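All of the numbers you see were taken from the coordinates with simple rules; none came from a lab. In this text the structure is predicted, and so the values were computed from the model without any measurement. Cβ sites come from the backbone with ideal geometry, for glycine too, and all protein chains shown count toward neighbours.
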């Protein structure tokens, strides 16, 4: 049985937008950090180190932001089982951070 | 370029990720051996950098897959419960596993990936499952077929088996800094019986969250070296884009044969390095 295609759906579009925007920001920060490195001055080195670290931070946080967005989208649609799954994923990631901060 | 310098890292990551992109797989399986064997970077630093590159590649490729309507996001969030739990277990275990054991495990995964690359993925014919909680068809969906411009419906079967395999994939992903396609592909194709296009897209969509569970722990324990991970992540995104473009112009079957041989050779070199033999010496 086939039905007419209706893609992309609204939820997928929102998630795609978040991931595309986050990837662009992360890449731009790391690229700017790399370009600041060869400047050689103290300011250039500070920029180089901090921009690179923030860029990596953006990449680590981006999938977590995607999970939170999915939680909101599922709650709005009253899909409570899937919202609970998103909440559990978020808690597991937070637990990993907690263990990391402890050690 | 000096091995280990930022521009060397950027160049090899573009190359490794382009190879991965051409083969439709994550680049971690190439990046970790290249960094450890040729860049003389410690395996834990290489794994940390690779985790960031896996996240970057997954996030970069997800928007186009989502716009095409291929990933099953409802199923993905449930499977991510298992993969993130596995990844958290993996990072907690990583501190207790000696470097030699990690290298041997990596060798096994590389050989399995090479073998998987040579074999063709077969579409498993869905079987109508009996009733029960997991057969309520709550994850059944459809994907668009660009040829007929129609929605092709499919069923999701054997979710508990799929989740158990996904837990294992999460452990391996965090331990070795790879996307674990070697476990995810059989879990999705054979256990859940998803169509190949849906299984590839859903796996790719999930890889970022799985790696983030391991990477957030590693970031806080300072296992991730920004000077290595930054250029590797940027190079991986650029390489994945390049690989996807090249993929449209070449015959992927010949490429698979060639790269399975490359992967097997890297696996042998890594195995020898684990025992202090071969042409390369590893950093601690």
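Taking neighbour Cβ counts within 10 Å as the exposure measure, how do B:17, B:260, A:103 sort from fewest upward? Mind showing how you got there, number by number?
Values: B:17 30, B:260 19, A:103 10.
Ascending Cβ contact count within 10 Å gives the list A:103, B:260, B:17.
How do B:139, B:275 line up, fewest other C-beta atoms within 10 Å first? Before the final figure, lay out each step's value.
Numbers: B:139 20, B:275 10.
Fewest-to-most Cβ neighbours within 10 Å comes out as B:275, B:139.
As I understand it, the value is the acute angle between the Cα axis of helix B:99-118 and the longest principal axis of the Cα atoms of chain B; what does it come to in degrees, rounded to 10?
50 degrees
By how many degrees, between 0 and 90 and to the nearest 10, does the Cα long axis of helix B:252-274 differ from the longest principal axis of chain B?
Compared with the principal axis, the helix lies near 50 degrees.
In what sequence do B:89, B:84 fall when counting other Cβ within 10 Å, fewest first?
Numbers: B:89 19, B:84 32.
In increasing order of surrounding Cβ atoms, one gets B:89, B:84.
Using the alpha-carbon atoms, what tilt in degrees (0 to 90, nearest 10) does helix B:226-247 show relative to the longest principal axis of chain B?
Approximately 50 degrees, to the nearest ten.
Hey, what does the equivalent ellipsoid look like for the protein assembly as shown, semi-axes from the Cα gyration tensor as sqrt of 5 times each eigenvalue, largest first, whole Å?
Numbers: eigenvalues 209, 110, 86 Å².
With the √(5λ) rule applied to the protein assembly as shown, the semi-axes are 32, 23, 21 Å.
Subtract the Cα-Cα distance of residue B:97 and residue B:38 from 0.36 nm times their separation in residues, and report this length gain in nm to one decimal. If you can, show how the numbers build up before the last one.
Working: separation 59, 0.36 × 59 = 21.24 nm, distance 2.28 nm.
Length difference between fully extended and current span is 19.0 nm.
Beyond 16 Å, how much of the Cα-Cα pair distribution for the range B:1-88 remains, as a whole percent? Before the final figure, lay out each step's value.
Values: 2333 of 3828 pairs.
Result for the distance tail: 61 percent.
Computed FRET efficiency, Cβ-Cβ of residue A:46 and residue A:24, R0 25 Å: what is it to the nearest 0.05? Walk me through the numbers before you get to the answer.
Numbers: r = 24 Å, r/R0 = 0.94.
Computed FRET efficiency for residue A:46 and residue A:24: 0.60.
Using a Gaussian network model of chain B whose springs link C-alpha atoms within less than 10 Å, name the residue from B:181, B:42, B:235 with the highest mean-square fluctuation.
B:42
How large is Rg over Rh for chain B, taking Rg from the Cα atoms and Rh as the Kirkwood inverse mean of 1/r across Cα pairs?
Numbers: Rg = 18.5 Å, Rh = 19.0 Å.
The Rg/Rh ratio comes out at 0.97.
Is the shape of the range A:8-102 best called rounded, prolate or oblate, per the rule: a/c under 1.5 gives rounded, else a/b larger than b/c gives prolate, else oblate, with a ≥ b ≥ c the square roots of the Cα gyration tensor eigenvalues? Show your work: numbers first, answer last.
Numbers: a/c = 5.81, a/b = 1.89, b/c = 3.07.
Cα axes put the range A:8-102 in the oblate bin.
Of B:226, B:150, B:267, which is the most mobile in a GNM of chain B whose springs link Cα atoms less than 10 angstrom apart?
B:150
The range B:5-62 to the range B:184-237: how many Å between their Cα centroids?
Taking the Cα centre of the range B:184-237 as reference, the centre of the range B:5-62 is 12 Å away.
Return the single residue from B:117, B:257, B:270 with maximal mean-square fluctuation; model: Gaussian network over chain B, springs between Cα atoms under 10 Å.
Sorting by GNM fluctuation, first place goes to B:257.
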